[in-house]
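Remarks on the structure that follows.
The values are calculated or read from the model by the stated rules, or taken from the named source; none is laboratory data. Here the structure is a predicted model, which is why all the values come from computation and not from measurement. No Cβ is skipped: glycine too gets one built from the backbone with ideal geometry, and neighbour counts run over all protein chains shown.
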Amino acid sequence: MTVTIPGRGQLDLYHLVLDFNGTFALDGKLLPDVAERLQSLSRHLEIFVITADTNGTVRRECGHLPVTLTIAEAANQAERKEAFVRGLSPQGTVVVGNGANDARMFTAADLAFAVVGGEGCFTQTLLQSDIAVQKATDAFDLLLKHNRLIATLRK
């Protein structure tokens, strides 16, 4: 997926890395319309979910989705998520999250969306983001409808 942002340049995006709980799930359950959007995005981006799986539901909730799951140990979550993004090559990586353990992966990625949803968003993570959205599907729509993304990021 390639998007040219006036004043920022060309973004060549290959990977989408998502947190689970608080990002596109609430209380361990997938939020409405997420599956449909991820199906659409999977035609353009390789999608990864990296999570501590606080509620123990990610395999059940995401098993039918076109995503690669990684359940990371609870210790050192921020470092693990950042290393995961760097391992993909941060150039070309979009991240979406909301928690304190997402802030470091935000700084490693080309584009970062902070979700300020039902769980709220950790302030430092919000400050590291490029765009804040109410729900993950808003971020997904910005990626699917490039003119929205361009309108928000142009300088």
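Scanning the range 60-75 for residues that are loosely packed, with under 15 Cβ neighbours inside 10 Å and at pLDDT 90 or above yields Arg60, Gly63, His64, Thr68, Ile71.
A single entry from Val115, Val58 fulfils the requirement of being touching a Leu at 6+ places or on another chain (Cβ under 8 Å) and β-branched (Val, Ile, Thr): Val58. The set of residues in the range 139-149 being under 13 Å from the mean Cα position of the chain (by Cα) and surrounded by 18 or more Cβ atoms within 10 Å (Cβ to Cβ) consists of Ala139, Phe140, Leu142, Leu143.
I'd like to know if the range 112-123 contains one or more residues that are among the acidic types (Asp, Glu), over 22 Å from Leu153 (Cα atoms) and touching a strand residue (DSSP E or B) at 6+ places or on another chain (Cβ under 9 Å). Yes, some residue in the range 112-123 is among the acidic types (Asp, Glu), over 22 Å from Leu153 (Cα atoms) and touching a strand residue (DSSP E or B) at 6+ places or on another chain (Cβ under 9 Å). If you filter the range 9-59 down to residues that are within 20 Å of Asp110 (Cβ to Cβ) and among the acidic types (Asp, Glu), you find that the one that is surrounded by the fewest Cβ atoms within 10 Å (Cβ to Cβ) is Asp12.
If the condition is being surrounded by fewer than 18 Cβ atoms within 10 Å (Cβ to Cβ) and over 21 Å from Ile5 (Cα atoms), then the range 89-115 contributes only Ala100. Looking at the range 1-55, which of its residues are over 14 Å from Val115 (Cβ atoms), among the basic types (Lys, Arg) and outside any loop (DSSP other than H, G, I, E, B)? The answer is Lys29, and nothing else. Taking first residues from the range 83-101 that are touching a residue at least 40 places away in the same chain (Cβ under 8 Å) and closer than 15 Å to Ala52 by Cβ and partners that are hydroxyl-bearing (Ser, Thr, Tyr) and surrounded by fewer than 17 Cβ atoms within 10 Å (Cβ to Cβ), the Cβ contacts under 9 Å between residues at least 6 apart in sequence or on separate chains come to Phe84/Thr70.
When the criteria are applied in full, Asp53 meets the requirement of being free of Cβ contacts under 8 Å to residues at least 40 places away in the same chain and out of contact with any His (no Cβ under 9 Å at 6 or more places or on another chain).
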